[in-house]
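Notes follow once the structure below has been shown.
All of the numbers you see were taken from the coordinates with simple rules; none came from a lab. On a predicted model such as this, the values are computed, not experimentally measured, just so you know.
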C-alpha cells in the first residue's frame, strides 16, 4: 500500500467534489445502490394528469422534473442552492416553467391553493405549507432520504457523529401529515445496500453529501480511509445501507359547517 500515492489520489477526488444539478455520474462503475421497491416517477404518474398544475419543490437542476414530460405551462419549481438556482434559470425558465428561488420550506412564494400536485424528491418540506399550496383534494408525493441513510458509512470515518435529521423517517413523518390535514394514500419505507468499489469514489461522495459527513476531509480522516483501503484490497468493496421512504397524500377537503 503506497500511502503517499493514495493520499494524493484521494485529495484529487476531494478537490473535484462538485456537482452540476444533481449529477452523480462521477461514480458510474464505482458505486452501486440496491433498487427500491417502488419507482418514484411511476408513483407520480399514477396520480398526475396533463391538466394539473404541478409544483416541484427543491427541484435540483430540474432534470427529474423535465423527465416527467408535464406541460411546461402547467409546471412550477423552486430551488434554493445557488448553483442549481442559476442552472434552473438557464434551463427551466426559457421553457416556460414558473421557477421561483426559495430556500425556506415553510415559506414558498406561491399563493394559497395554487397547485393540484406538489412533489419533492430528497428536499426539505413542511406539511402545513404544502397543505396551504394545494387545492382541496390536491396531492403531495415525496421520496425522502431517511435518518438512517449511510449511517454505517459515516461511522466508518466519523464514529459517534449525531444524526443530522433524526426524525426523518416514516413513523415520525406520517402523523405530521395527518395532523396537517392530509389523508395518506401510500406510505413505504426501504433499506437497501450501497456499495463502493474504490476509496476515491467514497471520498468524492462524502464531500458531496456534506450534511451526512460534516467535518469529513481526507486529512482529518486519513487513517480511517486507509482502513477502508485495506477492506477494498481484502474484499473488493465497502458496503453501507441507504434509507428511503415514500409518502403519497391527499389534502382533505374542508368540512362544511352543519346547519343547526
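Against the chain, whose longest principal axis is taken from its Cα atoms, helix 222-235 shows a tilt of about 90°. Shape index of segment 3-251: Rg/Rh, with Rg the Cα radius of gyration and Rh the Kirkwood radius from the inverse mean 1/r over Cα pairs, equals 1.00. Structure remark: mean-square fluctuation, Gaussian network model of the chain, C-alpha springs under 10 Å; the largest value among 142, 235, 75 belongs to 235.
The angle between the Cα long axis of helix 170-180 and the longest principal axis of the Cα atoms of the chain comes to about 20 degrees, rounded to the nearest 10.
Quick check of the Kirkwood formula: for segment 170-214, what is the inverse mean of 1/r over all pairs of different Cα atoms, in Å?
Answer for segment 170-214: a Kirkwood hydrodynamic radius of 13.8 Å.
The GNM of the chain, with springs linking C-alpha atoms under 10 angstrom apart, assigns the highest mean-square fluctuation among 55, 170, 228 to 228. Enter the angle in degrees (range 0 to 90, nearest 10) between the Cα long axis of helix 3-15 and the first principal axis of the Cα atoms of the chain, meaning the one along which they spread out most. The two axes meet at around 20 degrees. The alpha carbons of segment 120-260 stretch over 76, 25, 20 Å along the principal axes, in descending order. For the chain, modelled as a GNM whose springs connect Cα atoms under 10 angstrom apart, the maximal fluctuation among 190, 76, 249 occurs at 190.
Given N residues in segment 137-206, what is its alpha carbon radius of gyration divided by 2.2 N^0.38 Å?
Ratio of Rg to 2.2 N^0.38 Å for segment 137-206: 1.43.
Projected onto its three principal axes, the C-alpha set of segment 14-139 covers 46, 33, 28 Å, listed from the longest axis down.
Volume per residue of the convex hull around the Cα atoms, evaluated for segment 101-158, comes out as 99 Å³.
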